[in-house]
Structure formats: structure tokens, C-alpha cells
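The values are calculated or read from the model by the stated rules, or taken from the named source; none is laboratory data. What you see is a predicted model, and the numbers here were worked out from it, not measured in a lab. Every residue, glycine among them, receives a Cβ derived from its backbone with ideal geometry; neighbour counts consider all protein chains shown. Just so you know, the surface numbers come from the protein's heavy atoms only, side chains and all, with ligands and any DNA or RNA stripped out. Shrake-Rupley method; radii C 1.70, N 1.55, O 1.52, S 1.80 Å.
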Amino acid sequence: MKPCIVIPTYNNAATLADVVERSLAVCADVIVVDDGSTDNTSDLLASFGDATVVSYTPNKGKGNALCEGFRKALSMGFDYAVTLDADGQHFPEDIPSLLSVLEDELKKGHERTLVVGSRNLNAEGMPQANTFANKFSNFWFAVQTAHRLPDTQTGFRIYPLHHLPNLNLITNRYESELELLVFSAWRGVRLITSPVRVYYPPKEERVSHFRPFADFARISVLNTFLCVAALLYGYPSMMIRKLLKK
């Protein structure tokens, strides 16, 4: 396998340098996507000669940033992309354990594998709103795909770049990560989980671009669409794939 790391960022100047440095310590190939930041992110990225930088303006959302990172990774010849957030919540030191899970799947001949980092949702400091949103998302994901995952909201994953759905996504913000999971499941991609650590700083130190009402509304609209699409395309597609394997 030929993996790289993709880090989308938007106004995370306070934590970005640390995340990039720690990521470079475990993988030499790091792609940072500056999603229209308005702080001093561009100055920080200029100091990282070992990282590949993709930048644009204005801000277009996390989903768009991920897809831009995936396109760049594909153009550079990578097969898998490890994604993690730039806000310091994820531990780059957990990347080798995720890659080990992927390597075990590859040894079994499962190239179409997406590894999903699974956080401890009962950990101290986990915001209650995050826990509720994740359980809400987990339920609808199971309805739409007949698969159960313990953490469908995490951004810490390994994507199989050659087996992703169309990168012209329906959505372009936080909910895009759910969309990628659902369409991957429909396309027969194996979804494997692996435990990862998470750090939530004190409330006054957190930098979050999540808009509770607007983003929850967008997720609800997406779930409605995916439920209809599951009946018309998702379930028939999964059933056909299952029959063809027999």
C-alpha cells in the first residue's frame, strides 16, 4: 500500500503546526488543504517544506477540502489517504495502528477497505452534543446501509482512494463524511473499525466551526435523501453485489 496523510484545515493556526509536525513524524507524505483560512495559517504552512499544501479561497467546507486532498493524493500516486483533523483532537501517533489494521485486510486480499477510527464516546470531556449527534448519525447509517458502526462522525479514517464514490459530492461540509461512508458501503467497500484516542481541550480553548442548528438541519436533509436513495439504489446495489459473490 502507498499511504499519505490528508489534513483539512480552516483557521486552526493555534494547533496546526503541532498536528503537522507529529504527522510528519509518522509519515513522510502529508498533504494539508487550507480551506480558505483567514488567520495566519498560510504563513505557518510556508514554513513546512516537507508538507504538500493545497490552498484556495474562499472557504468551501470540510467535505470540499477532503475531496481536494483526495484528488491531490491520487495525482501524486497514492493508494490510501489517512485523514485527521487539524484542531488537535486526534493523535497522529495512532496512525500506525490504523495502518496495521489496513495491512491485515490487504493480506486477506481486501483492497476495498475503509478503516474508521472509533472514539470512546463515553470519555471524560466529550461534549454531550457530540455524543447525541454521533448516536443520531449511527442510527440512520444503520438504516441506510444495514451496517453498524460505533462512530460514524469521526474524521480519523483511512480512505481507499481508488474505490471512493464520485468526489463531486452532494454536500460539501461536515455531513460529507457521512455521505462518503454511506456511498462506500453501497459500493461494496469493507468498513473496518479501529479504536483511536481523542482529546477535547477545555471549552474556552476549543476552536469549532460546527453550527449546531444549521449543520444539524443539513445533516437531517442529507439523511432524508439517503434514506430514499437507499431504497432506490443502495439496497438493490448491495443485494446485487451479494448475489454476484455467490
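Close amide-amide hydrogen proximity is noted between PHE156 and GLY117, each under 5 Å apart and 5 or more residues distant or on a separate chain (H modeled in the peptide plane; Pro and chain starts excluded). Read through the labelled values [x] 12.9; [y] 11.8; [z] 16.4 and report the label of the one computed as mean projected area of the Cα convex hull in nm² from the structure. Recomputing mean projected area of the Cα convex hull in nm² here picks out [x]. Taking ALA14, ALA65, ALA86 as the candidate residues, the one with maximal mean-square fluctuation in a Gaussian network model of the chain, Cα springs under 10 Å, is ALA14.
Skip the ligands, DNA and RNA, and give the accessible area per residue of the chain with a 1.4 Å probe, whole Å². Present the calculation step by step, with values, prior to reporting the outcome.
On the way: 11920 Å² over 246 residues.
Result: 48 Å² per residue.
Select from SER100, SER184, SER75 the residue whose mean-square fluctuation is largest in a Gaussian network model of the chain (Cα-Cα springs shorter than 10 Å). Result for the chain, Cα springs under 10 Å: SER75 fluctuates most.
Build a GNM of the chain with springs between Cα atoms under 10 Å apart, and of LYS108, LYS135, LYS72 the one that fluctuates most is LYS108.
Under 10 Å from the Cβ of PRO92, count the other residues' Cβ atoms, weight Lys and Arg +1, Asp and Glu -1, and hand me the total.
On the way: positive: ARG22; negative: ASP18, GLU21, GLU93, ASP94.
Net local charge, PRO92 excluded: -3.
The angle between the Cα long axis of helix 212-229 and the main principal axis of the chain comes to about 30°, on a 0 to 90 degree scale. Principal-axis analysis of the Cα atoms of the chain puts helix 128-145 at an angle of about 30° to the longest axis. Solvent-accessible area of segment 1-143 (1.4 angstrom probe, protein heavy atoms only): carbon and sulfur portion equals 50 percent. Label-to-label distance for LYS107 and TYR56 is 4.0 nm, based on points extended 7 Å past Cα in the beta-carbon direction.
Close amide H pairs (under 5 Å, H built 1.01 Å from N) link TYR80 with LYS2, CYS4, LEU161, residues at least 5 positions away or on another chain. The angle between the Cα long axis of helix 13-26 and the longest principal axis of the Cα atoms of the chain comes to about 70 degrees, rounded to the nearest 10.
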